Amino acid sequence: MSNLRLVPLIVERDIRILFSDTFLIGIMFANFGIDLFVTAATFGRLIPQSVLHENYFLYIAPGSNFVTAMVAAFQSGRDVWREKYIKDLASYLLTLPAPRRVLALSRIAGGVARSVIATFPGTLVISYLYGILLDPRVFAAFLIVGLFSLGIVGLSISLSAFASSIEVFVTVRSAIQLYLSFLSTLFYRTDVFPSFLVPIVVSNPMTWAVEAFRSLPHAQGLIGPISVLVIPSLVFAALGMASYLWYARL
């Protein structure tokens, strides 16, 4: 148990790294604002509510926050890649008192904390738009963001372990982001996609994240999307932890 006391210290270190780059934080907040108040608002006016039988602005609003969560999560993986290939911290990591499993677990927890912090204002804004800001369901909103971030952080760390260059990391990251964003129900319902793409869309973690968030105002059908989101998140987190242990070889 004494080793677990090191987890908050390592998480705090990762959070300090996040706030050390104020420009990046500003860019993430700016992107969220543009996605929500420009893109979502514009699309919401272009598509009549009678066509979708719902407010399209509110439909795609959660996606703006999850895109920000993706950016923050992949930034954690990029930091891990930089430690491996640029700073060469292998000898430094060997001097830490934390066992390797605790260290790997802490890096994943730190990445999730960074993502939740980066999306904190956005989660509050969308919760307000959904009318749940002063409702206990706002805690479920943060839970959904945290679960989604957990899977993406694990995926980003896995990518950093096997990427041979920063170009490879960025290219694969972009491909994953395209899949998560455009082959999900972030912008469209499943009935819009061709039938052969529906299984891919349904299995997308982004689909379950946005559907869970959209269920918050109704408080119905919430457990299903959240419980399904847990599965890929834990799988990706376990993959990230294993990859971190493999490349660190502590």
- Chain lengthening between Ile117 and Asn55 when straightened (0.36 nm per residue, less Cα-Cα): 19.5 nm
- Two pseudo-spin positions, 7 Å from Cα along C-beta at Ile27 and at Phe162, lie apart in nanometres by 2.6
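Based only on other Cβ atoms within 10 Å, what is the fewest-to-most ordering of Trp81, Trp246? Each step should come with its number before you reach the end.
On the way: Trp81 24, Trp246 12.
Fewest-to-most ranking of Trp81, Trp246: Trp246, Trp81.
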- Expected sort for Glu167, Glu12, Glu83 with the fewest Cβ neighbours (10 Å cutoff) up front is Glu167, Glu12, Glu83
- Arrange the following residues from fewest to most other Cβ atoms within 10 Å of their Cβ: Ile34, Ile10, Ile126. Ile34, Ile10, Ile126
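Only the coordinates and a few stated rules stand behind these numbers; no lab work does. No experiment lies behind these values; they were computed from the predicted model shown. Neighbour counts run over all protein chains shown; Cβ positions are idealised from the backbone, glycine included.
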